[in-house]
Amino acid sequence: MYKPIKVTKPEEERTLEIVQFFGLNISVNNTQIEVNESPDMLNMLPDDRGALDKIPGVEAQNDSLGDSMITGLLEYKKTTGSIFLFGHDTDLYKITDFDTFTYSKIYESMSGDIIRGFTYNNTFYMLDGTTYLQYDGTTVKATEGYVPTVLIGTDPTGSGTAFEAKNYIQPGFKVLFSADGTDTDYYLPYESLDATEVTITVDGAAKVEDTDFTVNRTTGVVSFTYGTPPATAPNNVEITAYKTVSGDADKINGCTIFTIWSGSDGARVWISGNSTNQNRDYRSGVKDPTYFPNDGYDDIGSDDSAIIGYSKLYDRLIIYKESQQYTRTYIDNNGEAVFVTQLLNSAIGSNAKDSFQILDNFPAFLTKKGAYLTVSIDPQNEQNVVHISNKVDRNADPTALQGILDMGNIEDYVSIDFKNSWWLFNPNNGYVWVYDYRYIIDGVGQWFRLDNMYASCALEVDGELWYGDSRTGQIYKLKTIEDTSSYCDDDGTDETAKNAYWTSLVFDFNTISRAKLVSKVFFSIKPSSQTSATLYTRSNLRAGWKEIKTISQNLFSYSNLVYETFVYATNTFPQPTKAKTKDKKVTYYQLKIGNNVSCESLGLLNVLLKYRIQREIKE
């Protein structure tokens, strides 16, 4: 008698497809992330539909100026057109032609630290921690401060009505006296005057020191000793004298950060960052950044924590310290401007002066706890800040790539909002963390990682990204796809390939109890004049990456003709590629698709795996 043969029906072939790519997620094990996420990706950014594109390379625009950082890359927005400046060491340069990148030195006494600047009333102002400078397109010099009128309606004995506070950055002051026709001695509000010439007008007519009057600088008394005393009239004697107060100008000259905020009484400049008074900020006069009244300052929180930066949300100014946030509100008190500051968040501040950007109307900033958005001005709302970098703060696998916080040096990061993304540059190791806020998943955007961009400062110029190098005294530009050798990094001496890749999560195919057979991998790339992609795989049975297949989809182009890879192809449709893998008895499986070929692009559209579930794994 024959024993019947048991026939087992073959396991049905299954597919797993990725049609839209998300960003990095290194916060958990690489088997735990979403199928669209990646545990390791480099130099790839999403396009408008969620495919991935290799970023172009960077190109040095000048020879090295020396082994120190570019201290600033600045735009002076004049009404007649922008002027671009950059700093290196103690020198300041004007870029005279961007196309040929020619430049000339215009100033030689900078501090050597980071320069931050702004345009106001067609003049450019700069803070470098040593001198508060101004530039009019011709001359760079210490800012000439406004001379305030400190008293009005003043009788000759010096009793008058306070009008304007003395200016920190200007020793000069004015007093308007109302002459009584009798007195010849006029008492100024300060003694020990400077040697600077005192000027006087009486009824609009200029008078000359030692000809029409004398000055006792020790006592601060002006005497009309020649001719008749000034005739009786209100505010008809204007005296301008000078009194330097030791340390006053240093309060402003030592500042390093600024913002422009109007409240509702007209725009003012607010500055801080002076290490001598690290929790203090100073406000300018209304629409006048040359006037910093000596009563126009606030101490924000305790003096053991520095003010790091500013942002604006709705009608409020947000002040960021190292561990807290405060809001400033404008109040009109019967015509007098009053600024009220209150604590907004007692746990989250900022540590990076140059990280602040406005992303979709919300302030973004970097702290030693990660990257955050301020989303509310309600101090009672515990959710007034949102943590947006939890997926890339730290790596769950200490042997893999580092996260933002793993790299340290948070205070050194610089940033720019470029093409709907927040670019955070680490000037110490050349990595860039890019937060794309177009694709919001579970309330936050997606993170990507770039390398070889050692930026100490950055600026967008006509839609292109420029940055100053933190090591070599060079200015770099991020190339566009229209540039020659678009996908190579060029430091002015050598060109190197831009290495780019995407890595999948570690697939377990929704079961860890069964072995799997991965038979095929399909993937599509964007056609281009020079492009290729190489597929690699690895599994729990083979830890190292195995190269499976390299594909090219080059289009014919006279402008980028390379005979070694020449094809006369004009079909612009993507062509799916099949790679036979035949990886058997695997439990965990991972893909990598990359390109590290000089001057080649890579546009990854989608990936599909075909697999079968096999027998249950043995002990």
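Derivation of every value follows stated rules applied to the coordinates shown; laboratory data play no part. Keep in mind it's a predicted model, so treat the numbers as computed, not measured. Please note: Cβ atoms are built from the backbone with ideal geometry, for glycine as well, and neighbour counts cover all protein chains shown.
Can you compute the FRET efficiency between Arg514 and Asn420 using 1/(1 + (r/R0)^6), with r the Cβ-Cβ distance and R0 = 41 Å? Round to the nearest 0.05. Spell out each step's value before the answer.
Details: r = 43 Å, r/R0 = 1.05.
For Arg514 and Asn420, the calculated efficiency is 0.45.
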Percent antiparallel among DSSP beta bridges confined to the chain, rounded to 5, stands at 95 percent
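Full-extension gain between Thr493 and Thr244, please, as 0.36 nm times their residue separation minus the C-alpha to C-alpha distance.
84.4 nm
Based on the inverse mean of 1/r over its pairs of different Cα atoms, what is the Kirkwood hydrodynamic radius of the range 315-380, in Å? Please list the in-between numbers first.
Working: mean 1/r = 0.0790 Å⁻¹.
That comes to 12.7 Å for the range 315-380.
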Highest mean first, what order results for 64-73, 208-217 on Cβ atoms within 10 Å?
64-73, 208-217
What trypsin sites (Lys or Arg not before Pro) in the range 468-535 are in a loop by DSSP, with at most 11 other Cβ atoms within 10 Å of the Cβ?
none
For Met110, Met41, order by how many other beta-carbon atoms lie within 10 Å, fewest first
Met110, Met41
Projecting the Cα atoms of Ala497, Thr550, Gly145 onto the charge dipole of the chain, where Lys and Arg contribute +1 and Asp and Glu -1 at Cβ, the residue farthest towards the positive end is Thr550
Taking H as built 1.01 Å from N, whose amide H comes closer than 5 Å to the amide H of Ser350, not counting residues under 5 places away?
Lys321, Glu322, Ser323, Gln324
Please give me the summed charge of the neighbours of Leu193: other residues whose Cβ is under 10 Å from its Cβ, Lys and Arg +1, Asp and Glu -1.
0
Rg and Dmax in Å for the range 96-171, alpha carbons only: what are they?
18.6, 65
Relative to a virtual label point 7 Å from the Cα of Glu11 in the Cα→beta-carbon direction, which members of the range 602-619 show backbone nitrogen distances below 20 Å?
608-619
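Sorting His387, His88 on the 10 Å Cβ count, fewest up front, what's the list? Mind dumping the intermediate values first?
Values: His387 14, His88 25.
So the ranking, lowest neighbour count to highest, is His387, His88.
When the helices in the chain are scored as -39500 (n - 2.57) per DSSP H run of 4 or longer and the sum is shared across all residues, what 222 nm value do you end up with, to the nearest 500 deg cm²/dmol?
Working: 2 runs with 10 residues, N = 619.
Result for the chain: -500 deg cm²/dmol, rounded to the nearest 500.
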Inter-part gap, Cα centre of the range 590-605 to Cα centre of the range 91-147, in whole angstrom, is 43 Å
Give, rounded to the nearest 20 debye, the magnitude of the charge dipole that the chain has about its Cα centre when Lys and Arg contribute +1 at Cβ and Asp and Glu contribute -1 at Cβ.
4780 debye
Mind scanning Lys369/Lys546; Lys419/Lys592; Lys368/Lys546 and naming the pairs with a C-alpha gap bigger than 31 Å?
Lys369/Lys546; Lys368/Lys546
In whole Hz, with x marking every Gly and Pro, tabulate ³J(HN,Hα) for the range 478-487 from phi via Karplus 6.51 cos²θ - 1.76 cosθ + 1.60, θ = phi - 60°.
6, 5, 10, 5, 7, 6, 5, 6, 4, 9
Rounded to one decimal in nm, the spacing of the 7 Å Cα→Cβ label points at Lys582 and Lys618 is 2.2 nm
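So which chymotrypsin sites (Phe, Trp or Tyr not before Pro) in the range 248-292 end up in coil per DSSP with only 16 or fewer other C-beta atoms within 10 Å? All intermediate terms of the calculation are to be shown ahead of the outcome.
Values: sites: Phe258, Trp261, Trp270, Tyr282, Tyr291; in loops: Tyr291.
In loop regions of the range 248-292 (DSSP not H, G, I, E or B), there are no sparsely surrounded chymotrypsin sites (Phe, Trp or Tyr not before Pro).
So how much slack lies between Ala400 and Asp360, counting 0.36 nm per residue of separation and subtracting their Cα-Cα distance, in nm? Before the final figure, lay out the partial values.
Working: separation 40, 0.36 × 40 = 14.40 nm, distance 3.23 nm.
So the extension gain works out to 11.2 nm.
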Cα point-scatterer Debye curve for the chain, base-10 log of I(q)/I(0) at q = 0.05, 0.06, 0.10 Å⁻¹:
-0.34, -0.46, -0.97
Among all the lysines, which ones have a C-alpha under 20 Å from Lys618's C-alpha, if same-chain residues fewer than 8 places away are not counted?
Lys516, Lys584, Lys585
Through the Karplus equation 6.51 cos²θ - 1.76 cosθ + 1.60, θ set to phi - 60°, convert the phi angles of the range 311-321 into ³J(HN,Hα) values in whole Hz; use x for Gly and Pro.
8, 10, 9, 6, 9, 9, 9, 9, 10, 9, 9
Heads up, the range 1-151 by the C-alpha gyration tensor (a ≥ b ≥ c square roots of eigenvalues; a/c under 1.5 rounded, else a/b over b/c prolate, else oblate) looks prolate
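Indicate, rounded to the nearest 5 percent, the antiparallel portion of the DSSP beta bridges found entirely in the range 149-242.
Here the antiparallel bridges make up roughly 85 percent for the range 149-242.
Just want the ordering: Asp378, Asp393, from fewest to most Cβ atoms lying within 10 Å of their own Cβ. Provide the component values of the computation, followed by the final result.
On the way: Asp378 11, Asp393 17.
Least to most surrounded, the residues fall as Asp378, Asp393.
With viscosity set to 1.567 mPa s at 4 °C, what whole-number translational diffusion coefficient in µm²/s follows for the range 149-242 from Stokes-Einstein and a Kirkwood radius over Cα pairs? Show your work: numbers first, answer last.
On the way: Rh = 13.0 Å.
The diffusion coefficient I find is 100 µm²/s.
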